[in-house]
Amino acid sequence: MRPKQKPSFAAISGGALTALLFFATASPAQRIESSLDLGGVALRYADTLNAGAATITPRVGVEWARGVADATGTYSQFTSGGWSTQGALSGSLFAPTALGFLAELAGLAGGSAHHDGTRTGQVLVNGRLHFMRPTGEVFLGGGGGRTWVGGGSRSVLLGELGASTTLSDVGATLTASPAIVEDSIQYMDAQLALSWTRDRLDLGALLGTRLGDQLTFLGGTSRSWGNLSAVARMTPRFALVASGGTYPIDPTQGFPGGRFVSVSVRMALRRAREAVPLNTTQPELGTITVISFTAETIRAGVVTLKVNAPEARSVEVAGDFTNWSPVALESASGGLWSVTLPIKQGKYQMNLRLDGGKWVVPPGLLPMLDEFGGSVGLLVVDPNTKM
């Protein structure tokens, strides 16, 4: 690809992201969440340079009938006197298909600025297909865009293949992500993300390795990385957040790899939901089993929710469509439970629980995270909904 052809690809990527976010903005918002993290971080860049900083990180998330948008930024004041800022705006549109999978169009625009005048930026657009299963999903996708470092820009092509599942309190996601930068740098990242949720504590772990071009001239020589994170919810509005480990070189923006330890206090500026505890996990596969969850549009604005849980004594659901107040399902023959509710066309977050236990993501729904890292399921309702 010749240099004079690359700006046109950036224009396409930027235009697609603009259209994505404009479409979302034009839709009635169903849910807004915001939080603020105040804390500190200790860094070791490129295995040689140590640094410490105080950080402030605001975040705002907005959800519409068929999409989500998220804006976040971080200001870091270093103990050495320097500073840096970074931010990102991302969005996704979802659409169920007649073939049984969920289609997603996603875009991201972000960048950073530093006290020495260095600037970076990126615009990326990609599509994904989610094949949902009772205990997880398989997904694949691809896309591209452009990145900027200083006064130069480079094209980026990305791919993605992965699978996720949840057994009891443990969730696992495995991904393989090939990338080509400027037609010359080629590599693939393989990552395994693990999560564990219990009561008011969420733990996470990430392990990764890189195949292909290493770009050691950016700083750092390790081809593997790993980190741990923890979120302890002290009250419905306050949580303690801690993380530490290593992170890889970022070839797309020219950032070196390194090590880090961070601690912060997270404040929910807008409460997500008070009626449902935030200790959500995926369905138990032990004593009580959730075999399936379905949602079917009976007529415009009316949806029947069904849960197949033969061993349960009671089943409840809660979500945006109930103002997060628990609603009991009625028992039917064959271990089926059902309830018919007034739910308009749109996209909703929800959970269910059995026998008054933990709130869990219904099987077959796409898991999502709230601002505290708890899991909720994505329910998309349209005139043809039958899932």
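The values are calculated or read from the model by the stated rules, or taken from the named source; none is laboratory data. Since the model is a prediction, treat every value here as computed from it, not as a measurement. When we count neighbours, we look across all protein chains shown, and the Cβ atoms used for this are built from the backbone with ideal geometry, even at glycine. Note: accessible area is taken over every heavy atom of the protein model, side chains too, but ligands, DNA and RNA are not part of it. Shrake-Rupley method; radii C 1.70, N 1.55, O 1.52, S 1.80 Å.
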**Request:** Quote the FRET efficiency, to the nearest 0.05, computed for ALA300 versus THR118 with a Förster distance R0 of 56 Å and r equal to the Cβ-Cβ distance.
**Result:** 0.55
**Length released on extending from LYS344 to TRP83, taking residue separation times 0.36 nm less the Cα-Cα span** = 89.3 nm
**Request:** Show GLU311, GLU330 ordered by accessible area, largest first, where the area counts protein heavy atoms only and the probe is 1.4 Å.
**Result:** GLU330, GLU311
**Message:** Could you work out the pair-distance distribution P(r) of region 124-270 from its alpha-carbon pairs, with 5 angstrom bin width and percents rounded to whole numbers?
**Reply:** 2, 8, 14, 16, 17, 16, 15, 8, 3, 1
**Message:** So, taking all protein chains as they sit and a 1.4 Å probe, how much accessible area belongs to TYR247, in Å² rounded to tens?
**Reply:** 60 Å²
**Request:** Rank these residues by their accessible area, most exposed first, probe 1.4 Å: THR197, THR340, THR72.
**Result:** THR340, THR72, THR197
**Prompt:** How much of SER184 can a 1.4 Å solvent probe reach, expressed as accessible area in Å² and rounded to 10?
**Reply:** 80 Å²
**Message:** Ordering ASP202, ASP116 by accessible area with a probe of 1.4 Å, largest first, what comes out?
**Reply:** ASP116, ASP202
**Complete:** Under the Karplus relation with 6.51, -1.76 and 1.60 and θ = phi - 60°, whole-Hz ³J(HN,Hα) for region 79-96, x at Gly and Pro, equal 5, 6, x, x, 8, 8, 10, 8, x, 8, 10, 10, x, 9, 10, 10, 8, x
**Residues of region 27-175: accessible area per residue with a 1.4 Å probe, Å²** = 45 Å²
**Complete:** With a Förster distance of 25 angstrom and the Cβ-Cβ distance between ASP250 and ALA176, calculated FRET efficiency to the nearest 0.05 equals 0.90
**Request:** Express in Å², to the nearest 10, the accessible area of LEU269 obtained by rolling a 1.4 Å probe over the protein heavy atoms while all chains stay in place.
**Result:** 100 Å²
**Request:** Grab the Cα-Cα distance for ALA163 and SER331, subtract it from 0.36 nm times how many residues apart they are, and report the gain in nm with one decimal.
**Result:** 57.2 nm
